[in-house]
Amino acid sequence: MKKTRTIFIRYKKKIERLYEERLRIQNLYHYENKFQLEGQHLIAGIDEAGRGSLAGPVVSAAVILPKNIFILNVKDSKKLSPKKRMEIYQEILKKAIDVGIGIVEAEMIDRINIAQATFLAMKKAIGNLKNRPDCLLVDGFKIPKIAIPQLALIKGEDKSISIAAASIIAKVYRDNLMNNIHREFPQFDFKKNKGYGTPGHFKALRKYQATKVHRKTFAGVLPGKEK
């Protein structure tokens, strides 16, 4: 009897958690629903990964989701474990109407600065969509010089299902790129740090010096540039 009651309580809590997650996802559709009511049906969420990294590209993703689709645990990619991110990444790719990726390499980042490189990556991601979006929901700031209506949302991953999905796509895609780059430069441990400025990464820079994938204009990358 006690065992049966324990099972029932666990099941009840599981159902309650699932209900709460459905409510959270429903709330993340606020802006998508608003624009769809105004006749804008193809809404692309835009986000990036790798903006603060010392090495590797900045990667942006544009994601158009079907109306009111339920994908469990879609949220800011930084709030998910690598295993969970990969699971949700695969589900988004299966269920999305469209996904576009934009990549800007370190050399271009050094040439035009990281802010402009991020906007360029976002434009590339939008350009790589098969469908032209009716409007954009962008994490952070508006994309300059683009002829599509857009709304910028600070911390957009917590406010828009489309931006949250884009954050996961961009993060996983970039992590996979950094895993490949790791094979060429294993001394920098890119598989683990993904190009970010960990103590081990700075130590490797002092020992081996910067590579072609490093952002030479970033503090701490070249000798004499203090981090």
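Read the figures in this text as sums done on the coordinates, not as results from a lab. Keep in mind that this is a model prediction, so the values were computed, not measured. No Cβ is skipped: glycine too gets one built from the backbone with ideal geometry, and neighbour counts run over all protein chains shown.
What to note about this one:
- Given the chain, longest segment not containing exposed loop chymotrypsin sites (Phe, Trp or Tyr not before Pro) (DSSP; at most 16 other Cβ within 10 Å): 71-140
- Among beta bridges that DSSP assigns inside the chain, antiparallel share in %, nearest 5: 65 percent
- Filter on K95/K124; K67/K192; K123/K203; K95/K142; K95/K191 - keep pairs with C-alpha separation over 31 Å: K67/K192; K123/K203
- Working from label points 7 Å from Cα in the Cα-to-Cβ sense, the R24 to R51 distance is 2.3 nm.
- Taking 7 Å steps out from each Cα toward its Cβ at I112 and S81 produces label points 3.9 nm apart.
- Linear extension gain, F141 paired with F202, 0.36 nm per residue minus alpha-carbon span: 18.9 nm
- Dipole of the chain computed with +1 at Lys/Arg Cβ and -1 at Asp/Glu Cβ about the Cα centre; of C135, A165, Q150, farthest Cα towards the positive end is A165.
- The Kirkwood hydrodynamic radius of the chain, based on inverse pair distances between different Cα atoms, is 18.8 Å.
- Assigned charges on the beta-carbon of Lys, Arg, Asp, Glu; the chain dipole about Cα centre (debye): 1080 debye
- Cα-centred dipole magnitude for the stretch 104-227, charges only on beta-carbon of K, R (+1) and D, E (-1), debye, nearest 20: 280 debye
- Cα gyration tensor category, rounded, prolate or oblate, for the stretch 46-108 with a/c compared to 1.5: oblate
- If R0 equals 25 Å, the separation of the Cβ atoms of K130 and R183 corresponds to a calculated FRET efficiency of about 0.20.
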